[in-house]
Amino acid sequence: MKINVEVDCTPEEARRAIGLPDLTPIHDVYIKSILGAMDGTAIKPELLENMMKNWMPMGDASMAFWRGLFDNATDKKSKD
C-alpha cells in the first residue's frame, strides 16, 4: 500500500507545525553584524578571521590549507 500526503504551506507555517523556534531575530542580528563588518563599522576583519579559524576543524592548519587551495586556483587562472 502506498499513501502520498501533500502539504501546501509556507516555510513559516511548517516551522510552527513541527514546533521549531523562530530564529528570525537572531538571523537579523547576524546579518546586520555581517553587513557592518563588510562596511568596517561593526566588526574588524581580523575578528572575523579569528572566528572562522575557531569554526574550522584543525584551526590554523585548515585555514592554511584552504588559503593555499584558493591561492593555487587563482594562480592557475591568471597564467591561462
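Just a few scattered comments:
- Pairs are defined by a Cβ separation below 8 Å, a sequence spacing of at least 6 or placement on different chains, a first member in region 7-35 that is outside the structural domain of Glu49 (by TED's automatic domain parsing) and under 25 Å from Met51 (Cα atoms), and a second member that is surrounded by 11 or more Cβ atoms within 10 Å (Cβ to Cβ) and aliphatic (A, V, I, L, M); the pairs so defined are Lys32/Ala42; Ser33/Ala42; Ser33/Ile43; Leu35/Ala42.
- Selection status of Ile43, at pLDDT 90 or above, outside any helix (DSSP H, G or I) and either among the aliphatic types (A, V, I, L, M) or in the same structural domain as Ala64 (by TED's automatic domain parsing) (or both): no
- Test: residue in region 31-40 that is polar (S, T, N, Q) and modelled with pLDDT under 75: no
- Per-region count, region 54-80, residues modelled with pLDDT under 70 and either assigned to a helix (DSSP H, G or I) or more than 18 Å from the chain's Cα centre (by Cα) (or both): 8
The values are calculated or read from the model by the stated rules, or taken from the named source; none is laboratory data. What you are looking at is a predicted structure, and each value in this text was computed from that prediction instead of being measured. Quick reminder, even Gly has a Cβ in these numbers, built from the backbone with ideal geometry, and neighbours come from all protein chains shown.
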